[in-house]
Amino acid sequence: MLLSNSKNILDIVNGYSSLEKTVDFKGVYSDTREYLNDGLFIALEGENFDGHNFVKNAEKAGAKLIIAHKKVDTTLPVIMVSNSEKAYQEIATWHRQSHSPKVIAITGSNGKTSTKNMLHSILTLHGKTHSTKGNLNNHLGVPKTILQLISEHQYCVVEMGANHQNEIKLLCDIAKPDISVVTNANNAHLGGFGSIEKLVKAKGEIYQSLGHKGVSIINNDSPHSQTWIEMSNSNKFIYFGTNSNIFADNIHQREQSIDFNLHLNGDVIDINLPMIGLHQIENALAASACASELDVDPLLIKKGLENPITEKGRLNLIKCNDFNILDDSYNANPQSMKVAIDALLNFKGKKIAVLGSMAELGNSSEQLHQEIGDYARQSDLDFIFSIGKEAKYYQGQNFPDIESLYRHLKSHHLGATILIKGSRMMKLDRLVDIIQKQ
């Protein structure tokens, strides 16, 4: 938590204030739903929100100081800036410079949250560790993560997301990573980048932002590994996957877990990973590579991997009275759709895929939806149901809304295992909730 005062902040953000005396504060906040006890509230403005409208709420919640770029109605002292978002990022950058944990930055089209959670699980056994909460991985989430650093933290695991060029660079300028890893790069968020080549280079900004003493953790199985090696400014490279010192073999996939041997620089560790889907092995290798570079004992790596943090809506198995739900409703892109369909195939009995539309695919959207529909039909599934405008291109049975889809499942498919997956805009977590409540 940042402990500072108005004088320091004025210098950091190049702001203006009519304050006659210095105001001390504890912590930086942007959400008035939190307890802002003696904190600094930054009024952020986005497409669907404006923190300037909640300054009175911040005052009631205990804020002591406000940063804004518009006139606000408050009795609290205010620092005016040209852009409050930029000020937020500048304060986080300054805070990072005054703390010295080892910072590990993780990005990728798929698997970055799982990898972050695995690494957090491992590192907390080794030293005091802070990491991104949930998916707060963007231009506002990363500053929030950094601003929660305290002097006792030895490690900080920062998840970074991007849907346009230079976004990862901005996040790295704030977080200043010592170790960087890209899990993979594929056609997620393709609409924001325009081409897979631009997307790959955008992910590579996480390596480009490293200093010479930084460490690049490279996925040897990615077709883009050479591009990232060439982009990196670090002098040290650690590889995981095929033809490396960190790989997996003797793999056995079960319904709710995966057994495998983790080869870690000569050590062989048997792992029982309590997660669904073979793609999790790649994430486990990435986390293990980072942990090994930080001199974590292999037995702690094993213990951390076998007790991972799980997140709602990310290939979780939920057993209900009427159905088994494979809940992957949090988000979707073409590669993660294929992975989820593959995971569904490991279950016995009737298997149904409920697929929602995928967002941010640009001009390739229709083609990519058709490809996923073809992939699903070629798999050993009993039924493919879809919901959403773009989802009709899956060429499954399309439903107009979640309620009608639920009624059909209830009437005709009791006892089935149902994969539920779509982009966040589809809100398919509502279907999961409805099934669970019945």
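Annotations for the structure displayed:
- Among beta bridges that DSSP assigns inside the stretch 3-82, antiparallel share in %, nearest 5: 40
- The stretch 316-437 - charge dipole about Cα centre, Lys and Arg +1 at Cβ, Asp and Glu -1, debye rounded to 20: 340
- Fully extending the segment from Glu403 to Tyr16, taken as 0.36 nm per residue of separation minus the present Cα-Cα distance, adds 134.0 nm.
- Amide hydrogen neighbours beyond the local backbone of Lys102, cut-off 5 Å, H modeled: Tyr155, Cys156
- The overall shape of the stretch 95-146, judged from the alpha-carbon gyration tensor, is oblate: a/c is not under 1.5, and a/b is no greater than b/c.
- For the stretch 1-138, relative contact order (Cα pairs under 8 Å, six or more residues apart, normalised by length) works out to 18 percent.
- Anisotropy class of the stretch 3-82 from Cα gyration tensor, a/c 1.5 cut: oblate
- Residue-averaged 222 nm ellipticity for the chain, from DSSP H runs of 4+ at -39500 (n - 2.57), nearest 500: -10000 deg cm²/dmol
- Karplus (6.51, -1.76, 1.60) ³J(HN,Hα), θ = phi - 60°, over the stretch 87-95, in Hz, Gly and Pro reported as x: 4, 4, 5, 5, 5, 5, 4, 5, 5
- Rounded to the nearest Hz, the phi-derived 3J(HN,Hα) couplings of the stretch 298-305 under the Karplus curve 6.51 cos²θ - 1.76 cosθ + 1.60 (θ = phi - 60°) are x, 5, 6, 4, 4, 4, x, 5, where x marks glycine and proline.
- Candidate lysines for bridging to Lys213, where Cα separation is under 17 Å - those fewer than 8 sequence places away on the same chain excluded: Lys102, Lys176, Lys236
- The separation of the stretch 106-145 from the stretch 414-438, counted between C-alpha centres, amounts to 26 Å.
- The antiparallel fraction among DSSP beta bridges confined to the chain stands at about 30%.
- Note on the stretch 153-223 and the stretch 300-370: Cα centroid distance 23 Å, given to the nearest whole angstrom.
- For Gly214, residues with placed amide H under 5 Å, excluding near neighbours: Asn235
- Here Rg and Dmax of the Cα atoms in Å was computed from the coordinates, and among (1) 23.2, 73; (2) 26.3, 86; (3) 22.2, 74 the match is (1).
- Burial order of peptide ranges 324-334, 280-290 (average beta-carbon count within 10 Å, highest first): 280-290, 324-334
- Here the simple spin-label model places points 7 Å from the Cα toward Cβ, and for Met425 and Glu47 these points are separated by 0.8 nm.
- Oblate is the label for the stretch 299-438. Its Cα gyration tensor axes, ordered a ≥ b ≥ c, give a/c of at least 1.5 and b/c at or above a/b.
- When the alpha-carbon atoms of the stretch 99-305 are used, the pair Rg, Dmax equals 15.8, 44 angstrom.
- Within the stretch 1-39: backbone nitrogen closer than 18 Å to the Asn57 label point (7 Å, Cα to C-beta): 28-39
- Pairs of Cα atoms nearer than 8 Å and 6+ residues apart set the relative contact order; for the chain it is 11 percent.
- Angle in degrees between helix 334-344 and the longest Cα principal axis of the chain, rounded to the nearest 10: 50
- Peptides 162-174, 395-407 ranked from most to least packed by the mean count of surrounding Cβ atoms within 10 Å: 162-174, 395-407.
- Taking amide hydrogens as placed 1.01 Å from N in the peptide plane, the amide H of His69 sits under 5 Å from those of Val81, Ser84, each at least 5 positions away in sequence or on another chain.
- Residue by residue, the stretch 273-279 carries 3J(HN,Hα) couplings of 8, x, 9, 9, x, 4, 4 Hz when phi is fed to the Karplus relation 6.51 cos²θ - 1.76 cosθ + 1.60 (θ = phi - 60°); x denotes Gly or Pro.
- Unsatisfied cross-links (Cα-Cα over 25 Å) in the set Lys26/Lys56; Lys302/Lys348; Lys144/Lys421; Lys133/Lys198; Lys26/Lys60: Lys302/Lys348; Lys144/Lys421; Lys133/Lys198
- For the stretch 99-305, the relative contact order is 22 percent, taking Cα pairs closer than 8 Å that sit 6 or more residues apart in sequence and dividing their mean separation by the residue count.
- Averaged over residues, the count of other Cβ atoms within 10 Å places the peptides 361-371, 80-90 in the sequence 80-90, 361-371, highest first.
Quick note: the coordinates plus some simple rules give every number you see, no bench work behind them. Every value quoted in this text rests on a predicted model; they were computed, and no experiment measured them. We place every Cβ from the backbone using ideal geometry, glycine too, and count neighbours over all the protein chains shown.
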